[in-house]
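Visitor: Can you keep this structure in mind? I'll have questions shortly.
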Amino acid sequence: MADSGSVLVIGGGIGGIQAALDLAESGYRACLLESGPAIGGVMAMLDKTFPTNDCSMCILSPKLVEAGQHPNIDIISCADLDKIEGKPGEFKVTYTQKARYVNAELCTGCGACSEACVLAGRIADEFNAGLSKRGACFVPFAQAVPRIALIDPQKCLRFTKGKCKSPCVEACAAGAIDFDMKEESVTLDVGAVIVASGAAPRAIGDLRSYHPEHPNVVSSVEIERIMCASGPSGGRVVKPSDGEPAKKIAFVQCAGSRDEKYNPYCSSVCCTYAVKEATVIKEHDPGIDCHIFHIDMRTFGKGFEQFRARAENEYGVRFTRFKIPAVEVAGPNALVIRYQDNGGAWQKEEFDMVVLSVGLNPEPVEALRAAGVDFDRHGFIASKQTAPINSSAAGIFACGSSAGPKDIPETVAQASGAAAKAGALLATSRGAGVSRKEYPREIELNGSEPRVGVFVCSCGKNIGGVVDVAATTEYAGGLPGVVYAESNMYTCSGESCDRIKAAIADHNLNRVVVAACTPRTHEPLFRETIREAGLNRYLFDLANIRDQCSWVHSGEPEKATVKAKDLVRMSVARARLLEPLSQTPVKVTPAALVIGGGPAGMAAALELGGAGYRTYLVEARDKVGGATNDLPRNAKIEKIDNILADFDAMAFELEKNENIETLTGAKLVGFSGYIGNFSAIVESGGQRRALEVGAVIVATGAGEHTPTSYLYGKSGRVMLQSEYQKSITGGIKPKSVVMIQCVESREPERPYCSRVCCTNALNNALITKFANPETEVYILYRDIMAYGLAEVNLYRLAREMGVKFIRFDVDAKPGVSESKDGLIVKVKTPDLPVEVDIPADLLVLSAPVVAEESNRELGEMMKAPTDENGFFLEAHVKLRPVDFATAGIFVAGMCHYPKLLDEAISQGAAAAGRAATILSKEFVMGEGAVALVEPRFCRGCGECEEACEFSAVTVKETKDGRLVAEVNEALCVGCGTCAVACWSNAITMRNFTDQQIEAMIEAMRPETPAAKKKQKV
């Protein structure tokens, strides 16, 4: 039985996993309830993730393993929620534990039962979208967590026919098969609930005009599995009809979306995932012709617009703006699409395959309605713009696509935000019912010979489709110091991690090398794995044979294999010289600094203060609220009035919370320290004050670009959207208003989409029409970025209210002239054969959001990087969207990238949730691989101190009067810059010693004695 310090997380997709991990790391027990047999959700089925094209499973798998092995996360799979009763802090949850017909305590996930099943290879496999076959007894997928088999009672002959010899029983050495297993009703006591039930890709069966019955008309999920190296065709892009390679593929956008007959809303992700799919297909085979048919290209996220441009300009993906109404079948392997090209001419084109880019449908959780949770008309959980994570039921929070269509970063951010809100609600119960992870005592090396184990990963076909993994493994087994070598299908899976631990015990391994993916995502997982087996976590090395071999030499398998052997040989040479390193515990100051008092900063401070942490909110202006202070008060516009009322209430909460101190008119002027122990100097009113904190959140907002085009600054009739909003609420009633989108945006100088401009224009257009229906409102646009529910709530409504939309191309921008009678806006649209002249009383420009100039200065002070546009750069675009690479510092709101109000608030709560994973601990562990100064060789020249970007090296005077460099290990990140700068060779990098690096270099010449020599530890 869980207690009130526990939180129920409904849904085991990436949102649920992130929420559970943040809760568990913040001192709460997470009960992760998943209807399916394994966690991972839709992300587990994807091939790559945009805009970086990272392998989806490669970045997800470490999260799966971490969740599966965390002592404070209980994964409850094959379970359906029945009801939620009670109140915040005292919920009673009832769920049905469905029968797996396999004993979870006994099953090892070996898969022997799957192979023995008489129906093996005869039942459509859901994980591969029905493109491959499984048996009635099966393991969900290779990296499944939990990796437990289950029996499908709807297919198993024992259940459907009452007769089967049940060879699965005989095949299971563990005796885990149990046909008598029954479903059970189980009750849990929890203090809060987080709904992360996600959304399912829409089925295509009812889209009859596209002929979904044709095998070569596939959904976006099906093409993901076809493209995937672990998919049914091993990553070969083939036609399902005959298995032959596809040569021409059409992508039909908005299939079943933005359509009142099906889903009237936009699902936010489809445009960019189609660009990703087309790009990855072109990487597989540049000769494949990919053609995307679209209405608007809604590439509004960070880096998305540039991603689309690369697809077109570098990969040759074709884009045509045309809503495809139907697909014609021209034969068993031929499909025809009729369309109007970008020049207006009608075309008829034949394709091998047609991909229907489908949207997202919310997953229904009926028990939530009975618990008082409200839903919108589309089935998404309803929430307020200023409280996007709160449901209508107190103590029940929503994240991800359960509350509207979202991409992975927004889902992950909201999950962390939901964890923060649940933590604040249950602050007095923090630490109740949680367990501390216990490690075995470290194995002492005592000068023993290196005994290296090498584990070579196939990564499905990501590596194994190019590199000869078997040959590489055999080769590794013969290297000096190697006593054991094996290959794995997925070394990062929970099963393979268990195999590594078993091999360490069985073969007395004292070093481990994994040849697999990038250390950036996987090194922490494997270090943790060997520590759980008793080895020091620094007795590990990772050879990146995916990025550096199979991916870059995909057309040269023999050379890729030779290179993989080279990298493994070098890695083993280094591993033989690795030594155990210790990590220094760093005491955490349980206080936080939030820089910026706008919506994101206010949200972050409220969650941290509510959780009981001392929080300092520093705001440069004389009051908190950020851009909301620029909204017109007493406008008598319900939407604006409600937002202002909510922010007034938030400001009041900040003021009355004893844990929060707000410093207005303040500026950060000094900063130093490291995770758990930062020191900030804040100047306010001519006074300077030192603040000691354990975590920092940067939420400094952004600005509005001042354009020089379209007569702005030269005519009083031309204004920005922010200026127009104030004027219309002030009572002006123009007869004609023209709005121009993408002003000096989505162009080389500012190539990104500012995300908020279209929404702002639509809001202002609606305000204008509601105030004065006779006013003519025109919006001139390139693409309307009314993503998500804004498609229905704003864009469709604006059209119904009579707002006129006229499209223009980037190379044919509108022209503006002024006379005494007013403005004339001339626009040439591809949709009409003639230029349109529009008389206008007012011209309103949608200018882009730009990063604050102070970002770079602040970033340098805090070692927080910015991107090429001046916005702060997150640690990982998908899975660490609010973390900086610098531990203990987080980012939220517009300073990260332009975002809407609800998104900024969600991200502020998310940053608070991530900060709480640090502040909830008494100690955090410092890095072991740090610089070490040998005082005998140090000249005290200070070159190392000047080179260190993290202020970790300081030259000090010793007792005998010498100047010697000293390293603060808590600040050191082990980058090695100081060692390079040292003229005297007095600095050694632990874990990257000269001897280790020289051994790797020598290993490139395997026949030399140096490479064959065995070193002692």
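The values are calculated or read from the model by the stated rules, or taken from the named source; none is laboratory data. Note that the structure is predicted; figures quoted are calculated from it, not measured. Virtual Cβ from ideal backbone geometry, glycine too; neighbours counted across all protein chains shown. Surface accessibility is based on the protein's heavy atoms, side chains included, excluding ligands, DNA and RNA. Shrake-Rupley method; radii C 1.70, N 1.55, O 1.52, S 1.80 Å.
Visitor: So for the stretch 576-584 (the condition being open to solvent by 20 Å² or more (accessible area, probe 1.4 Å) and part of a helix (DSSP H, G or I)), does at least one residue qualify?
Guide: No.
Visitor: From the list Lys92, Lys63, pick out the single residue that is open to solvent by 20 Å² or more (accessible area, probe 1.4 Å) and assigned to a strand (DSSP E or B).
Guide: Working: Lys63 fails: assigned to a strand (DSSP E or B).
Answer to the selection: Lys92.
Visitor: Just to verify a result, which residue in the stretch 182-225, among those that are touching a Pro at 6+ places or on another chain (Cβ under 7 Å) and under 21 Å from Gln143 (Cβ atoms), is most open to solvent (accessible area, probe 1.4 Å)?
Guide: Val221
Visitor: If we scan the stretch 48-57, do we find a residue that is among the charged types (D, E, K, R) and in a loop (DSSP other than H, G, I, E, B)? Full working, then the answer.
Guide: To start, the set of residues in the stretch 48-57 that are among the charged types (D, E, K, R) comprises 48, 54.
Then drop every residue that is not in a loop (DSSP other than H, G, I, E, B), which leaves none.
No, the conditions are met nowhere in the stretch 48-57.
Visitor: Could you check, for the stretch 879-900, whether at least one of its residues is farther than 25 Å from Met739 by Cα and of a type in the set (D, E, K, R)?
Guide: Kept after step one, since they are farther than 25 Å from Met739 by Cα, are these residues of the stretch 879-900: 879-893, 895-896.
Among the residues that remain, those that are also of a type in the set (D, E, K, R) are: 880, 883.
Yes, because at least one residue in the stretch 879-900 is farther than 25 Å from Met739 by Cα and of a type in the set (D, E, K, R).
This table checks each residue for (1) more than 30 Å from Cys549 (Cβ to Cβ); (2) outside any loop (DSSP other than H, G, I, E, B); (3) assigned by the TED database to the domain that holds Gly423.
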residue: Val572; (1), (2), (3): no, yes, no
residue: Ala592; (1), (2), (3): yes, yes, no
residue: Ala600; (1), (2), (3): yes, yes, no
residue: Leu608; (1), (2), (3): yes, yes, no
residue: Ala627; (1), (2), (3): yes, yes, no
residue: Lys636; (1), (2), (3): yes, no, no
residue: Ile643; (1), (2), (3): yes, yes, no
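Visitor: If I filter the stretch 356-363 for residues that are under 22 Å from Leu900 (Cα atoms), of a type in the set (Val, Ile, Thr) and modelled with pLDDT of 95 or more, do I get at least one hit?
Guide: Checking the stretch 356-363: not a single residue is under 22 Å from Leu900 (Cα atoms), of a type in the set (Val, Ile, Thr) and modelled with pLDDT of 95 or more.
Visitor: If we keep just the residues of the stretch 754-781 that are more than 38 Å from the chain's Cα centre (by Cα) and charged (D, E, K, R), which is least open to solvent (accessible area, probe 1.4 Å)?
Guide: The selected residue is Lys769.
Visitor: Okay, next question. How many residues are in contact with a strand residue (DSSP E or B) (Cβ under 7 Å, 6 or more places away or on another chain), open to solvent by 10 Å² or more (accessible area, probe 1.4 Å) and more than 16 Å from Lys878 (Cβ to Cβ) if we restrict to the stretch 506-524? It would help to see each step written out before you state the result.
Guide: Looking only at the stretch 506-524, we keep the residues that are in contact with a strand residue (DSSP E or B) (Cβ under 7 Å, 6 or more places away or on another chain), and these are 507, 509, 511-519, 522-523.
Checking the rest, the ones that are also open to solvent by 10 Å² or more (accessible area, probe 1.4 Å) come to 507, 518-519, 523.
Within this subset, residues satisfying the condition of being more than 16 Å from Lys878 (Cβ to Cβ) are 507, 519, 523.
The total comes to 3.
Visitor: Given the conditions (1) in contact with a Phe, Trp or Tyr (Cβ under 7 Å, 6 or more places away or on another chain); (2) hydrophobic (A, V, I, L, M, F, W, C); (3) open to solvent by 50 Å² or more (accessible area, probe 1.4 Å), report the number of the one that Val816 does not fulfil.
Guide: Every listed condition holds for Val816 apart from (3).
Visitor: Which of the residues belonging to the stretch 149-174 are out of contact with any strand residue (DSSP E or B) (no Cβ under 6 Å at 6 or more places or on another chain) and closer than 26 Å to Thr491 by Cα? Walk me through how you get there before you give the answer.
Guide: First, the residues of the stretch 149-174 that are out of contact with any strand residue (DSSP E or B) (no Cβ under 6 Å at 6 or more places or on another chain): 152-154, 156-167, 170-174.
Scanning the stretch 149-174 gives Ala171, Cys172, Ala173, Ala174.
Visitor: Can you name the residue in the stretch 621-664 that is open to solvent by 30 Å² or more (accessible area, probe 1.4 Å) and β-branched (Val, Ile, Thr) and is also farthest from Glu683 (Cα to Cα) among such residues? Let's see the steps before the verdict.
Guide: Residues of the stretch 621-664 that are open to solvent by 30 Å² or more (accessible area, probe 1.4 Å), as a first pass: 621-623, 627, 629-631, 633-634, 636-639, 641-642, 645-646, 648-649, 651-653, 655-659, 661-662, 664.
Those left that are additionally β-branched (Val, Ile, Thr): 637, 662, 664.
Working: Ile637: 38, Thr662: 13, Thr664: 10 Å.
Checked the stretch 621-664; the qualifying residue farthest from Glu683 (Cα to Cα) is Ile637.
Visitor: Wholly within the stretch 850-947, which strands (runs of 3 or more DSSP E) include no fewer than the required count, namely at least 3 residues that are touching a residue at least 12 places away in the same chain (Cβ under 8 Å) and either polar (S, T, N, Q) or open to solvent by less than 30 Å² (accessible area, probe 1.4 Å) (or both)? I'd like the intermediate steps shown before the answer.
Guide: On the way: elements: 889-891, 923-925, 931-933.
By residue number, 889-891.
Visitor: Could you check the stretch 398-441 and list, in sequence order, the residues that are closer than 19 Å to Tyr897 by Cβ, touching a Ser or Thr at 6+ places or on another chain (Cβ under 8 Å) and part of a helix (DSSP H, G or I)?
Guide: Hits for the stretch 398-441 are Gly400, Ile408, Glu410, Thr411, Ala413, Gln414, Gly417.
Visitor: State whether one or more residues within the stretch 68-80 are at positive phi, touching a Ser or Thr at 6+ places or on another chain (Cβ under 7 Å) and either touching a residue at least 40 places away in the same chain (Cβ under 8 Å) or surrounded by fewer than 24 Cβ atoms within 10 Å (Cβ to Cβ) (or both).
Guide: We begin by selecting, within the stretch 68-80, every residue at positive phi; these are 78.
In the following step, the residues that additionally are touching a Ser or Thr at 6+ places or on another chain (Cβ under 7 Å) were identified as none.
No, there is no match, as no residue in the stretch 68-80 is at positive phi, touching a Ser or Thr at 6+ places or on another chain (Cβ under 7 Å) and either touching a residue at least 40 places away in the same chain (Cβ under 8 Å) or surrounded by fewer than 24 Cβ atoms within 10 Å (Cβ to Cβ) (or both).
Visitor: Just to be sure before I move on: is Asp352 acidic (Asp, Glu), open to solvent by 10 Å² or more (accessible area, probe 1.4 Å) and closer than 26 Å to Leu901 by Cβ in the structure I sent?
Guide: Numbers: acidic (Asp, Glu): yes; open to solvent by 10 Å² or more (accessible area, probe 1.4 Å): yes; closer than 26 Å to Leu901 by Cβ: no.
No, not satisfied.
Visitor: Looking at (1) open to solvent by 20 Å² or more (accessible area, probe 1.4 Å); (2) in a helix (DSSP H, G or I); (3) farther than 19 Å from Thr529 by Cβ, find the lone condition where Lys83 falls short.
Guide: The single condition Lys83 does not satisfy is (2).
Visitor: I've got another one for you. Got a sec? Which of Ile806, Ile838, Ile784 is open to solvent by less than 30 Å² (accessible area, probe 1.4 Å), closer than 30 Å to Asn869 by Cβ, in contact (Cβ under 8 Å) with a residue 24 or more places away in the chain and part of a strand (DSSP E or B)? Quick ask: steps written out before the conclusion?
Guide: Details: Ile838 fails: closer than 30 Å to Asn869 by Cβ; Ile784 fails: part of a strand (DSSP E or B).
Unique residue meeting the criteria: Ile806.
Visitor: Quick check: anything in the stretch 70-80 in contact with a helix residue (DSSP H, G or I) (Cβ under 6 Å, 6 or more places away or on another chain), part of a strand (DSSP E or B) and either within 30 Å of Ala370 (Cβ to Cβ) or hydroxyl-bearing (Ser, Thr, Tyr) (or both)? Full working, then the answer.
Guide: As a first pass, look at the stretch 70-80 and keep what is in contact with a helix residue (DSSP H, G or I) (Cβ under 6 Å, 6 or more places away or on another chain): 70, 72-73.
The next check asks that each one be part of a strand (DSSP E or B); those that pass are 73.
If we keep only those that are either within 30 Å of Ala370 (Cβ to Cβ) or hydroxyl-bearing (Ser, Thr, Tyr) (or both) as well, we get 73.
Yes: the stretch 70-80 contains one or more residues that are in contact with a helix residue (DSSP H, G or I) (Cβ under 6 Å, 6 or more places away or on another chain), part of a strand (DSSP E or B) and either within 30 Å of Ala370 (Cβ to Cβ) or hydroxyl-bearing (Ser, Thr, Tyr) (or both).
Visitor: Then there's this: Criterion first (part of a loop (DSSP other than H, G, I, E, B) and surrounded by fewer than 16 Cβ atoms within 10 Å (Cβ to Cβ)) does Gly301 satisfy it?
Guide: Working: part of a loop (DSSP other than H, G, I, E, B): yes; surrounded by fewer than 16 Cβ atoms within 10 Å (Cβ to Cβ): no.
No: the conditions fail for Gly301.
Visitor: Right, something else. Can you tell me which residues in the stretch 787-803 are under 25 Å from Val834 (Cβ atoms) and assigned to a loop (DSSP other than H, G, I, E, B)?
Guide: If the condition is that a residue be under 25 Å from Val834 (Cβ atoms) and assigned to a loop (DSSP other than H, G, I, E, B), then Gly802, Val803 are the ones that fit.
Visitor: Now a separate question. Identify, please: which residue in the stretch 364-397 is of a type in the set (Gly, Ala, Ser) and assigned to a helix (DSSP H, G or I) and is, among those, least open to solvent (accessible area, probe 1.4 Å)? If you could, list the steps in order and put the result at the bottom.
Guide: Residues of the stretch 364-397 of a type in the set (Gly, Ala, Ser): 367, 370-372, 379, 382-383, 387, 391-395.
Filter once more, so that each one left must be assigned to a helix (DSSP H, G or I): 367, 370.
Details: Ala367: 8, Ala370: 95 Å².
In this case the residue turns out to be Ala367.
Visitor: So, one more: Looking at Ala326, Ala309 in this structure, which one is open to solvent by 10 Å² or more (accessible area, probe 1.4 Å), over 23 Å from Ile288 (Cβ atoms), of a type in the set (A, V, I, L, M) and not in a strand (DSSP E or B)? Before you say what the answer is, go through the steps one by one.
Guide: Details: Ala309 fails: over 23 Å from Ile288 (Cβ atoms).
That would be Ala326, the only listed residue that is open to solvent by 10 Å² or more (accessible area, probe 1.4 Å), over 23 Å from Ile288 (Cβ atoms), of a type in the set (A, V, I, L, M) and not in a strand (DSSP E or B).
Visitor: Here is a follow-up. Being under 16 Å from Ala790 (Cα atoms) and in contact with a Leu (Cβ under 7 Å, 6 or more places away or on another chain) is the filter; apply it to the stretch 398-412 and report the residue that is surrounded by the most Cβ atoms within 10 Å (Cβ to Cβ).
Guide: Among those that are under 16 Å from Ala790 (Cα atoms) and in contact with a Leu (Cβ under 7 Å, 6 or more places away or on another chain), it is Ser401.
Visitor: Then there's this: Could you count how many residues in the stretch 685-704 are free of Cβ contacts under 8 Å to residues at least 40 places away in the same chain and in a strand (DSSP E or B)? Before you say what the answer is, go through the steps one by one.
Guide: Going residue by residue through the stretch 685-704, those that are free of Cβ contacts under 8 Å to residues at least 40 places away in the same chain are 685-690.
Those left that are additionally in a strand (DSSP E or B): 687-690.
Number satisfying all stated conditions: 4.
Visitor: Can you list the strands (runs of 3 or more DSSP E) lying wholly within the stretch 467-556 that have 1 or more residues being more than 29 Å from Ala885 (Cα to Cα)? Walk me through it before giving the result.
Guide: Values: elements: 482-488, 511-516, 540-544.
The qualifying strands (runs of 3 or more DSSP E) are 482-488.
Visitor: Those residues that are over 15 Å from Gly626 (Cα atoms) and not polar (S, T, N, Q), I need them from the stretch 641-651; list them, please. Give the steps one after another, and end with the answer.
Guide: Taking the stretch 641-651 as the starting set, the residues that turn out to be over 15 Å from Gly626 (Cα atoms) are 641-642.
Correct list: Asp641 only.
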